[in-house]
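**Student:** This is the structure I want to talk about, given as structure tokens.
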Amino acid sequence: MKPTRSFFAAIIASLMFVSFAAAPLWGFQQEQSDYEVTQNFQTKYKELMQSIEKAQTVQDCAAIMVGIDDLEKEYKPNKALLDKALYPDDFDKTFIIIRGRLAYTQNTLGLIQDQVTRIAALEAQVNDLSTQVEKLTNENGEMLKDIQSLRAQQTQDRQSIDSMKSLIAQLRTNIHRRDQVIFSMVDSIFMQYDKDITQLKDVTKKSLVSHLERNNALDNIRRAVSDNVAFLQATTLSDQDIAAIVGEQKKFASNWKGLGPKLAGIYVSSKQREKEVTTIDTMIAYWGQKADEAMWHSLKHLFHARNFAVQEFSNETEFYNNLMAFLDDQINNTANETKEARYSAYTTFTDSVWNPIVVKTWLPLMHDSAKLTDAQVTDLNSKVAAWQATIQPPRTWWYIGLAVVMLILLIVMYWRIRKPRGVAPQD
């Protein structure tokens, strides 16, 4: 019994020793952490002071103003600690000093406070959008990996199929959101400068280039195009998914058409960056080509999967001509089919192909992207209506006769139910 007690006593003594020994160490680590907070604050504060001394443009002053606000917000929870560390000054006074220094610099440069404030608001917006871009890019990368992993599975059960559909829907939404945020971010940067980029002074132009580089403008645009192409090739997509990608490519290309020349003008002195702008032109064109190929492939599969003999097509002209020829064949009944077969073909075409998919999804998209004119869309709809006029439901009179018989039976049953029963004889 004694050896056992001695054993536990030794353990307790060891734990107490460790506790007493760790207490000063924990206090030192805590003290060191407070020291690091103070040092990090003072380092960032000095960097902002140095930036004020180097400021030459309204954009420089606006960026510093945002930096001061961010620093104050970041270290506000440590105000009590910093009040002691900054003695005889305190947390609030240091920010009064630095803001006063910035105001003096602005006055020396002849800058108007309202202009600096307006650009500072844009810069804060840029910072927020840049954070969103980074977050969405990381999420998109993870979802693309998950989709590719599910696609690589040899067996596809219901759960994995549902997971893939959910991931595809979320990724499509994320990519669209990220594309919007990127252009909003770059627009917010350019809005801080004069509209005519060619008339910017060298010092202002350098500031704009630095601004774009700091927010990875070109890299984000290039990554966005790459992600869109990867999404297009990730797995088999629905008509709605492909239509969304085609529409997204057209919007992206339109935005880039307005932005690309500005970036080319800004980076004219940097051959490497100027080359990257040209590379993005090529990437967007390639994305458009792949999106169109996916669209035509999806439409061909839509017709052929339901045994509609529309001739092969790979562009809008062939699509229009071959679909019109198919509808003419159905109207003229070149296959000499029975009334029942013609009626069945028409209802299948309109109920499962034309109305729910082609009319709802593809025709508006092709019209908006200038692949089909108003007249061509009208021609196609008119042909489908003309096809309807040549067919009628089979055995129409038989159905009418059956309906009449059913109606008579219902009337007879109704009157039999309403007919009063005889009164029971009284005793």
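**Student:** Let me spell it out: the conditions are (1) loosely packed, with under 13 Cβ neighbours inside 10 Å; (2) touching a residue at least 60 places away in the same chain (Cβ under 8 Å), and Pro88 meets all of them except one. Which number is the exception?
**Tutor:** Among (1) loosely packed, with under 13 Cβ neighbours inside 10 Å; (2) touching a residue at least 60 places away in the same chain (Cβ under 8 Å), the lone unmet condition for Pro88 is (2).
**Student:** A further question on this structure: Is one or more of the residues making up segment 332-340 among the small types (Gly, Ala, Ser), more than 33 Å from the chain's Cα centre (by Cα) and surrounded by 18 or more Cβ atoms within 10 Å (Cβ to Cβ)?
**Tutor:** Applying the first criterion (among the small types (Gly, Ala, Ser)) to segment 332-340 yields 335.
Next, from what is left, pick out any that are more than 33 Å from the chain's Cα centre (by Cα): 335.
Next, only the ones that are surrounded by 18 or more Cβ atoms within 10 Å (Cβ to Cβ) stay: none.
Scanning segment 332-340, I find no residue that is among the small types (Gly, Ala, Ser), more than 33 Å from the chain's Cα centre (by Cα) and surrounded by 18 or more Cβ atoms within 10 Å (Cβ to Cβ), so the answer is no.
**Student:** Further question: Under the condition of being part of a helix (DSSP H, G or I) and of a type in the set (S, T, N, Q), which residue from segment 190-213 is surrounded by the most Cβ atoms within 10 Å (Cβ to Cβ)? Quick ask: steps written out before the conclusion?
**Tutor:** So in segment 190-213, the residues part of a helix (DSSP H, G or I) come out as 190, 197-199, 202-213.
Remaining after also requiring of a type in the set (S, T, N, Q): 198-199, 204, 207, 210.
On the way: Thr198: 10, Gln199: 9, Thr204: 19, Ser207: 21, Ser210: 13.
Selected residue: Ser207.
**Student:** Here is a list: Asn216, Asn228. Which entry is crowded, with 17+ Cβ neighbours inside 10 Å and either closer than 19 Å to Ser270 by Cα or at pLDDT below 90 (or both)? Before you say what the answer is, go through the steps one by one.
**Tutor:** On the way: Asn228 fails: either closer than 19 Å to Ser270 by Cα or at pLDDT below 90 (or both).
Criteria check complete, one pass: Asn216.
This table checks each residue for (1) outside the structural domain of Asn381 (by TED's automatic domain parsing); (2) loosely packed, with under 15 Cβ neighbours inside 10 Å; (3) more than 23 Å from the chain's Cα centre (by Cα); (4) assigned to a helix (DSSP H, G or I).
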| site | (1), (2), (3), (4) |
| --- | --- |
| Ser269 | yes, yes, yes, no |
| Lys275 | yes, yes, yes, yes |
| Thr278 | yes, yes, yes, yes |
| Ile284 | yes, no, no, yes |
| Leu299 | yes, no, yes, yes |
| Tyr320 | no, no, yes, yes |
| Phe326 | no, no, yes, yes |
| Gln330 | no, no, yes, yes |
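**Student:** Hey, another quick one. What's the number of the condition Ser210 fails, among (1) closer than 20 Å to Leu129 by Cα; (2) of a type outside the set (Phe, Trp, Tyr); (3) touching a residue at least 12 places away in the same chain (Cβ under 8 Å)?
**Tutor:** It fails just one condition, (3).
**Student:** Got a sec? Which of Leu109, Leu144, Leu150 is under 15 Å from the mean Cα position of the chain (by Cα), at pLDDT below 90 and over 30 Å from Pro77 (Cα atoms)?
**Tutor:** Sole residue among the options that is under 15 Å from the mean Cα position of the chain (by Cα), at pLDDT below 90 and over 30 Å from Pro77 (Cα atoms): Leu144.
**Student:** Suppose we filter segment 191-214 for residues that are of a type in the set (A, V, I, L, M, F, W, C), over 14 Å from Ala62 (Cβ atoms) and within 25 Å of the chain's Cα centre (by Cα); how many remain?
**Tutor:** If we filter segment 191-214 for residues that are of a type in the set (A, V, I, L, M, F, W, C), which is where we start, we get 191, 197, 200, 203, 208-209, 212.
From what's left, over 14 Å from Ala62 (Cβ atoms): 197, 200, 203, 209, 212.
Now drop any that are not within 25 Å of the chain's Cα centre (by Cα), which leaves 212.
Here the count works out to 1.
**Student:** Please determine whether any residue of segment 21-44 is closer than 30 Å to Glu123 by Cα, touching a Ser or Thr at 6+ places or on another chain (Cβ under 8 Å) and either at pLDDT 90 or above or not in a helix (DSSP H, G or I) (or both).
**Tutor:** Going through segment 21-44, the residues closer than 30 Å to Glu123 by Cα turn out to be 36-44.
Filter again for touching a Ser or Thr at 6+ places or on another chain (Cβ under 8 Å), leaving none.
Checked against the condition, which is being closer than 30 Å to Glu123 by Cα, touching a Ser or Thr at 6+ places or on another chain (Cβ under 8 Å) and either at pLDDT 90 or above or not in a helix (DSSP H, G or I) (or both), segment 21-44 yields no hits at all.
**Student:** Those residues that are in a helix (DSSP H, G or I) and in contact with a helix residue (DSSP H, G or I) (Cβ under 7 Å, 6 or more places away or on another chain), I need them from segment 306-318; list them, please.
**Tutor:** Within segment 306-318, the subset in a helix (DSSP H, G or I) is 316-318.
Of everything in segment 306-318, just one residue is in a helix (DSSP H, G or I) and in contact with a helix residue (DSSP H, G or I) (Cβ under 7 Å, 6 or more places away or on another chain), namely Glu316.
**Student:** Restricting to segment 295-312, name every residue that is within 16 Å of Ile357 (Cβ to Cβ) and of a type in the set (A, V, I, L, M, F, W, C).
**Tutor:** Met295, Trp296, Leu299, Leu302, Phe303, Ala305, Phe308, Val310
**Student:** Let me ask something else. Quickly run through segment 388-402 and pick out the residues that are modelled with pLDDT of 75 or more and loosely packed, with under 10 Cβ neighbours inside 10 Å.
**Tutor:** Residues of segment 388-402 modelled with pLDDT of 75 or more: 388-391.
Matches in segment 388-402: Ala389 only.
**Student:** When you check Val358 against the structure, is it outside any helix (DSSP H, G or I) and surrounded by 15 or more Cβ atoms within 10 Å (Cβ to Cβ), yes or no?
**Tutor:** On the way: outside any helix (DSSP H, G or I): no; surrounded by 15 or more Cβ atoms within 10 Å (Cβ to Cβ): yes.
Criteria not met by Val358.
**Student:** For Thr94, state whether it is farther than 21 Å from Arg223 by Cβ, β-branched (Val, Ile, Thr) and crowded, with 17+ Cβ neighbours inside 10 Å.
**Tutor:** On the way: farther than 21 Å from Arg223 by Cβ: yes; β-branched (Val, Ile, Thr): yes; crowded, with 17+ Cβ neighbours inside 10 Å: yes.
So Thr94 fits the description; yes.
**Student:** Okay, moving on. Quick check: anything in segment 364-377 surrounded by 18 or more Cβ atoms within 10 Å (Cβ to Cβ), farther than 21 Å from His297 by Cα, at pLDDT 90 or above and not β-branched (Val, Ile, Thr)?
**Tutor:** There is no residue in segment 364-377 that is surrounded by 18 or more Cβ atoms within 10 Å (Cβ to Cβ), farther than 21 Å from His297 by Cα, at pLDDT 90 or above and not β-branched (Val, Ile, Thr).
**Student:** So, one more: Using the structure shown, decide if Asp187 is under 21 Å from Ile242 (Cβ atoms), surrounded by 14 or more Cβ atoms within 10 Å (Cβ to Cβ) and either charged (D, E, K, R) or outside the structural domain of Gly260 (by TED's automatic domain parsing) (or both). Full working, then the answer.
**Tutor:** Values: under 21 Å from Ile242 (Cβ atoms): no; surrounded by 14 or more Cβ atoms within 10 Å (Cβ to Cβ): yes; either charged (D, E, K, R) or outside the structural domain of Gly260 (by TED's automatic domain parsing) (or both): yes.
No, not satisfied.
**Student:** Also, quick follow-up: If I go through segment 298-315 residue by residue, how many of them are in contact with a Phe, Trp or Tyr (Cβ under 6 Å, 6 or more places away or on another chain) and among the hydroxyl-bearing types (Ser, Thr, Tyr)? First the steps, then the outcome.
**Tutor:** Kept after step one, since they are in contact with a Phe, Trp or Tyr (Cβ under 6 Å, 6 or more places away or on another chain), are these residues of segment 298-315: 310, 313-314.
With the extra rule that they be among the hydroxyl-bearing types (Ser, Thr, Tyr), the set shrinks to 314.
Count: 1.
The values are calculated or read from the model by the stated rules, or taken from the named source; none is laboratory data. Quick caveat, the model's predicted, so the values are computed rather than measured. FYI the Cβ positions are ideal-geometry reconstructions off the backbone, even for glycines, and counts take in every protein chain you see.
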